[in-house]
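Chemist: One structure coming up, written as C-alpha cells, with questions to follow.
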Amino acid sequence: MASTLEKFIHSLDLRALPRVLQIQSGIYCQGSVYEMFGNECSLSTGEVIKVIGFKINKLIASICENNEVSQFSDKVELPLNFPGLYKIVADKTPYVSIEEIARKVSIGPTRFGHPRFYSTKDIKLANFTIKCDEQITFNSVEKVHGTMVVNCVVVRNNQSHSFTLPLSQEGEFYECEDDQIYTLREIAEWKIPKCRNRIVKLSNSLHTRDSSNPLPENFDGCLSLMPVYKVQAVMKSRKDIVHILSDLDVEVKDVTDCYDTSSFLQPLSLEDIFERTSKEFPVVAEIMEGPSGSQNPYNLLSTGKEIVIYKKYQAARVLASEMKSDPSRRHYLIPMSYKGKFKRRPREFPTAYDLEIATSEKEHLHVVATKAFTSPHKELFSVSVGDQFLVQQCQTSEVLYEGRKKLTDVLACEQILSDSYKKVLLPMYMEGGFVEVIHDKKQYHLSEICKEFHLPFNVKVSVRDLSIEKDVLAAAPGLQFEEEITDSYLLISSASSPVESWEIPVYRLNVLVHLLSKEVQTVVPPVTRTTVEEVSEEEYYMLRRYENLTLHPPPRPPKNPT
C-alpha cells in the first residue's frame with residue numbers, strides 16, 4: 001500500500017532498516033539544480049531507493065496553551081541548535097503494551113535512553129510484583145531465550161530491583177514526569193516518540209534576541225514539536241549517499257520483501273566498523289560520505305577516497321579548554337603522544353575545600369588570598385586580601401558554638417609573614433578566593449602532568465609539537481587540563497599512499513564507507529601522526545557529562561556551623 005514519504009518515515013522503526021522503497025508518485029524540480037541545500041528534490045516515478053537511515057533534521061514548532069496546540073497557532077521552523085534548555089511535558093496519551101513503548105520510544109545505553117513509565121495496574125511477575133503507579137525505568141531491549149524483552153529497574157527504599165518485561169505485556173502505561181533539562185538536539189535525538197509530537201517547556205530564557213528568532217519576544221511557554229527527518233538512502237545509479245527530507249511531496253511503497261537488497265551498496269558507519277571483531281582488521285574501504293576539511297586526516301575521508309582501516313582500540317585523551325570566559329573559548333582533546341611541553345600557570349580556588357583537593361605530596365601549595373573572610377569562631381583564622389599561605393592538610397578542630405565545643409573540619413595552613421611562618425586553621429566551609437603562586441619553572445610533558453598533579457591544572461605551551469603542521473595549542477594564551485577521558489578510535493591510512501596513519505574518533509565523525517574486497521598491501525600500519533582534535537561546545541559538554549557519570553562527585557563543602 002502506498003503512503004506519503006512523511007507518513008512512512010514517521011512510523012518506521014530504525015531497527016527495521018534497511019527498507020527498499022519504490023516511488024509511486026514522483027516529483028521533479030525543474031531547472032538545472034538537481035539538489036537543493038544538499039537534499040534530493042527530484043525523484044522519478046518507478047525509481048527504487050534503499051533507505052539506510054534517518055534522523056531528525058529540524059523541528060516544526062507550534063505554541064501551546066494549557067498543553068494544547070491552538071488552531072490559530074503559527075508553525076515555525078526550529079533548527080536543532082536553536083538556543084535554550086527545555087523540560088519535557090509528560091505525554092498524557094497512554095501506551096497499550098511494552099511492545100508499543102519499545103517500538104516508539106528511544107531506549108539505549110546513555111542516560112537519555114532510559115525512559116520511565118508507570119502502569120495503572122499491578123503487574124505480577126514470577127517472583128516480583130510491580131505496583132501500580134510505581135516508576136519503571138527501561139534500560140535496554142534484548143532477546144532472551146528467543147523472546148524479546150525489555151530490561152527494567154524499579155527503586156524501592158533506595159535499592160534497585162532489576163527484572164525483564166516481555167514485549168507482549170499489555171496494560172495501560174503512562175510516561176513519568178521528567179525533571180531533567182535538555183537541549184533541543186537532545187530532545188530531537190532521544191525524546192520524541194515515533195508517530196507522536198512532543199510538548200516541551202522552555203526552562204531558561206533565551207539570552208539572545210535577533211531577527212532570526214522565530215518565537216515571540218520574551219517567550220517562556222510551551223511548544224509542540226513535530227520532527228522533519230533527513231532520510232539517508234542509496235540509489236543504484238550512484239555510489240554516494242543521497243539525502244531526502246521526509247516532507248518531500250512523494251508517495252512510496254515498501255517493496256523490501258520482493259527485492260534483493262544486496263544489489264545495492266552496503267554503507268557502514270564508523271560505529272558499524274568498530275563493532276567488528278579485532279580479527280577482521282585490517283580492511284580496505286571506500287568513503288561514501290565524509291566530513292568536510294582540507295587538513296589530515298579529514299582530507300583522507302572525502303567521498304570516493306579509499307582508506308585502509310588497520311585496527312580499533314580505546315585511547316586516552318586529556319580534555320582541555322582555553323583559559324578565557326568569552327563565547328569564543330575553544331576545547332581540545334589532546335593525545336598522550338603530544339610531543340610539546342607545558343609550563344604551569346596559576347590556578348584559582350574559590351573555597352578552602354578546593355585548596356584541600358589540589359594539595360599533593362610533591363609540593364606545598366602556595367596561594368594568595370584575593371577575598372577577605374571573617375571567621376565566626378576565635379579558634380579559626382580570619383583572612384585578609386593579600387594574605388599568603390602554604391597549604392598543609394585537612395584535619396578536625398574544636399570550636400565554641402552556642403557555649404558548647406563542637407568538632408569541625410578545618411584546613412591547616414602556614415601563613416607566610418615577612419620573616420616567619422604562623423600556623424593557622426581555615427574553616428573548610430569558608431567562601432574566599434585564592435590564586436596559586438608558581439615557583440616551579442620546569443617544563444612538563446603531558447604524561448608527566450597527568451601522573452604528578454591533580455586535574456584540573458592550568459598550563460601554557462612552552463615548546464610546541466614540531467611533528468604537527470599547525471599546533472593549535474601553541475596559540476592559546478593558557479589552557480586548563482580538565483580531565484582525562486577514554487574514547488574509541490580507528491587507525492587509518494590512505495590506501496594509495498600509506499606513508500602515515502591517523503587516529504579518527506568513532507563517535508564524533510559522520511562517515512559512511514563500504515568495504516572493498518581488496519587485499520591490504522601491508523598489515524603493519526605506518527607511523528602514527530599526532531592529532532589534536534578540536535571539539536565543539538556541544539561535544540565538550542557531552543564528553544564531560546558522560547565521563548562524570550562514571551565518577552562519584554566529591555562531597556559538597558561543609559556548611560558554616562552557625
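The values are calculated or read from the model by the stated rules, or taken from the named source; none is laboratory data. Quick caveat, the model's predicted, so the values are computed rather than measured. Note: ideal-geometry Cβ built from the backbone for every residue, glycine included; neighbour counts use all protein chains shown. Just so you know, the surface numbers come from the protein's heavy atoms only, side chains and all, with ligands and any DNA or RNA stripped out. Shrake-Rupley method; radii C 1.70, N 1.55, O 1.52, S 1.80 Å.
Chemist: Given the residues D326, D247, D254, which is the only one that is of a type in the set (D, E, K, R), closer than 28 Å to Q22 by Cβ and either modelled with pLDDT of 90 or more or out of contact with any helix residue (DSSP H, G or I) (no Cβ under 8 Å at 6 or more places or on another chain) (or both)?
Modeler: On the way: D326 fails: closer than 28 Å to Q22 by Cβ; D247 fails: either modelled with pLDDT of 90 or more or out of contact with any helix residue (DSSP H, G or I) (no Cβ under 8 Å at 6 or more places or on another chain) (or both).
Residue meeting the stated conditions: D254.
Chemist: In region 445-455, which residues are more than 20 Å from E348 (Cα to Cα) and not in a helix (DSSP H, G or I)? Break it down stepwise before answering.
Modeler: First, the residues of region 445-455 that are more than 20 Å from E348 (Cα to Cα): 445-448, 451.
If the condition is that a residue be more than 20 Å from E348 (Cα to Cα) and not in a helix (DSSP H, G or I), then H445 is the only one that fits.
Chemist: While we're here: Suppose we filter region 263-292 for residues that are open to solvent by 30 Å² or more (accessible area, probe 1.4 Å), out of contact with any Leu (no Cβ under 8 Å at 6 or more places or on another chain) and either at pLDDT 85 or above or over 20 Å from Q232 (Cα atoms) (or both); how many remain?
Modeler: Result for region 263-292: 9.
Chemist: So for region 136-149 (the condition being closer than 19 Å to K92 by Cβ and of a type in the set (D, E, K, R)), does at least one residue qualify?
Modeler: Looking for residues that are closer than 19 Å to K92 by Cβ and of a type in the set (D, E, K, R), one finds none in region 136-149, hence no.
Chemist: Among the residues of region 385-417, how many are assigned to a loop (DSSP other than H, G, I, E, B) and open to solvent by 60 Å² or more (accessible area, probe 1.4 Å)? Let's see the steps before the verdict.
Modeler: Taking region 385-417 first, the residues assigned to a loop (DSSP other than H, G, I, E, B) are 385-387, 402-403, 417.
Now drop any that are not open to solvent by 60 Å² or more (accessible area, probe 1.4 Å), which leaves 385, 402-403, 417.
The number of residues fulfilling the criteria is 4.
Chemist: State all residues of region 334-380 that are open to solvent by 40 Å² or more (accessible area, probe 1.4 Å), farther than 30 Å from T531 by Cβ, touching a residue at least 12 places away in the same chain (Cβ under 8 Å) and part of a loop (DSSP other than H, G, I, E, B); if no residue qualifies, say none.
Modeler: K362, E363, H364, T370, K371, A372, P376, K378, E379, listed by residue number.
Chemist: May I pose another question? For region 475-506, name all the residues that are aliphatic (A, V, I, L, M), open to solvent by 10 Å² or more (accessible area, probe 1.4 Å) and touching an Asp or Glu at 6+ places or on another chain (Cβ under 8 Å).
Modeler: First pass over region 475-506, keeping only residues aliphatic (A, V, I, L, M): 475-476, 479, 485, 490-492, 495, 499, 504, 506.
Now narrow it down to the ones that are open to solvent by 10 Å² or more (accessible area, probe 1.4 Å): 475, 495, 499.
Passing the criteria: only A495.
Chemist: Residues of region 494-542 being among the polar types (S, T, N, Q) and touching a helix residue (DSSP H, G or I) at 6+ places or on another chain (Cβ under 7 Å), which ones?
Modeler: S494
Chemist: I've got another one for you. Looking at region 97-122, I want the residues that are over 18 Å from S168 (Cβ atoms) and have a partner that is part of a loop (DSSP other than H, G, I, E, B) and of a type outside the set (A, V, I, L, M, F, W, C) with Cβ atoms under 7 Å, at least 6 apart or on another chain. Which pairs are those?
Modeler: G113/S106; R116/Q135; Y118/D133; Y118/E134; Y118/Q135
Chemist: A further question follows. Kindly check whether there is at least one residue in region 447-463 that is modelled with pLDDT of 90 or more, touching a Ser or Thr at 6+ places or on another chain (Cβ under 8 Å) and assigned by the TED database to the domain that holds S278.
Modeler: No; the residues of region 447-463 include none that is modelled with pLDDT of 90 or more, touching a Ser or Thr at 6+ places or on another chain (Cβ under 8 Å) and assigned by the TED database to the domain that holds S278.
Chemist: Has region 420-432 got any residue that is in contact (Cβ under 8 Å) with a residue 40 or more places away in the chain, within 14 Å of L365 (Cα to Cα) and open to solvent by 10 Å² or more (accessible area, probe 1.4 Å)?
Modeler: Here is the first cut: in region 420-432, the residues in contact (Cβ under 8 Å) with a residue 40 or more places away in the chain are 424-432.
Now drop any that are not within 14 Å of L365 (Cα to Cα), which leaves none.
Among the residues of region 420-432, not one is in contact (Cβ under 8 Å) with a residue 40 or more places away in the chain, within 14 Å of L365 (Cα to Cα) and open to solvent by 10 Å² or more (accessible area, probe 1.4 Å), which makes the answer no.
Chemist: Can you confirm whether L426 is modelled with pLDDT under 90, of a type in the set (A, V, I, L, M, F, W, C), closer than 19 Å to Y540 by Cβ and not in a helix (DSSP H, G or I)?
Modeler: Values: modelled with pLDDT under 90: yes; of a type in the set (A, V, I, L, M, F, W, C): yes; closer than 19 Å to Y540 by Cβ: no; not in a helix (DSSP H, G or I): yes.
No; evaluated as a whole, the condition is false for this residue.
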